[in-house]
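One structure is given here, and the rest of the page talks about it.
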Amino acid sequence: MINTLSGYAGGTSAIPNYHAIGDHSETVQVVFDPVLISFDQLLEVFWQLHDPSSRPYLAQYRNAVFYLDEDQKKVAEASSQALTQKTGRAVNTALEQAGIFTPAEDYHQKHYLKSFKPLLDVLRKRYPDQQQLFLSTDAARLNGYLGCNGDPTLLG
């Protein structure tokens, strides 16, 4: 993974924000190197992190995979179908063309990392611009590990 950013996608309003989300969904943009990890491998992790058979009570919180191109669409469809066959349960996670991604407000970025102020202070010295910090691989990985997602021995 290169970086992650919280934001809004899948809707039609021009400039969504937390207080006027419109028909968008809260989402996370994941930028990755396909040489190091495939889209299919990312989907395997994604399916494990939520209940794909659940139905959201609001569009804002729906489960969705936003694909970038036809190749990713085919991979997502095959992955969803394989999961249905494996579990015997319908997958209610939407598969949609990515469209425009709007970053969420700064206070929504790197939630876990923000609760570790000494670590955040070290990163701020390395990335004095807040947007650079939020888009850094360092912040994305540390935020993930602090949220109990990943193996800390791989931080090296």
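Which numbered condition trips up Ser115, out of (1) of a type in the set (Ser, Thr, Tyr); (2) in contact with a helix residue (DSSP H, G or I) (Cβ under 7 Å, 6 or more places away or on another chain); (3) more than 28 Å from Pro52 (Cα to Cα)?
(2)
Checking Asp71 against (1) open to solvent by 100 Å² or more (accessible area, probe 1.4 Å); (2) in contact with a helix residue (DSSP H, G or I) (Cβ under 9 Å, 6 or more places away or on another chain); (3) modelled with pLDDT under 95, which test does it fail?
(3) is the only condition that Asp71 fails.
Select, from Ala82, Ala90, Ala9, the only residue that is farther than 24 Å from Phe134 by Cα, surrounded by 13 or more Cβ atoms within 10 Å (Cβ to Cβ) and of a type in the set (A, V, I, L, M).
Working: Ala90 fails: surrounded by 13 or more Cβ atoms within 10 Å (Cβ to Cβ); Ala9 fails: farther than 24 Å from Phe134 by Cα.
Of the residues listed, the single one that is farther than 24 Å from Phe134 by Cα, surrounded by 13 or more Cβ atoms within 10 Å (Cβ to Cβ) and of a type in the set (A, V, I, L, M) is Ala82.
In the range 102-110, is there at least one residue being within 23 Å of Gly10 (Cα to Cα), aromatic (Phe, Trp, Tyr) and open to solvent by 50 Å² or more (accessible area, probe 1.4 Å)? First the steps, then the outcome.
Of all residues in the range 102-110, those within 23 Å of Gly10 (Cα to Cα) come to 102-110.
Next, from what is left, pick out any that are aromatic (Phe, Trp, Tyr): 107.
Those still in the list that are open to solvent by 50 Å² or more (accessible area, probe 1.4 Å) too: 107.
Yes: one or more hits.
If you take just the helices (runs of 4 or more DSSP H) that sit entirely in the range 111-156, which of them hold at least 2 residues that are modelled with pLDDT under 90? It would help to see each step written out before you state the result.
Details: elements: 111-114, 117-126, 130-135, 137-146.
Passing ranges, in order: 137-146.
In this structure, is Arg141 basic (Lys, Arg) and over 23 Å from His50 (Cβ atoms)? Reasoning before the result, please.
On the way: basic (Lys, Arg): yes; over 23 Å from His50 (Cβ atoms): no.
No.
Which condition does Ala90 not pass, out of (1) under 23 Å from His24 (Cβ atoms); (2) in a loop (DSSP other than H, G, I, E, B), if it passes all the others?
Every condition holds for Ala90 apart from (1).
Can you name the residue in the range 12-52 that is in a loop (DSSP other than H, G, I, E, B) and touching a residue at least 40 places away in the same chain (Cβ under 8 Å) and is also nearest to Lys86 (Cα to Cα) among such residues? Talk me through it step by step, then tell me what you get.
Taking the range 12-52 first, the residues in a loop (DSSP other than H, G, I, E, B) are 12-16, 18-19, 21-24, 32-38, 50-52.
Checking which are touching a residue at least 40 places away in the same chain (Cβ under 8 Å) leaves us with 15-16, 18, 24, 50, 52.
Numbers: Ile15: 39, Pro16: 37, Tyr18: 36, His24: 30, His50: 16, Pro52: 12 Å.
In this case the residue turns out to be Pro52.
The values are calculated or read from the model by the stated rules, or taken from the named source; none is laboratory data. Here the structure is a predicted model, which means the values were calculated and not measured. When we count neighbours, we look across all protein chains shown, and the Cβ atoms used for this are built from the backbone with ideal geometry, even at glycine. SASA here: full protein model, heavy atoms, side chains in, ligands and nucleic acids out. Shrake-Rupley method; radii C 1.70, N 1.55, O 1.52, S 1.80 Å.
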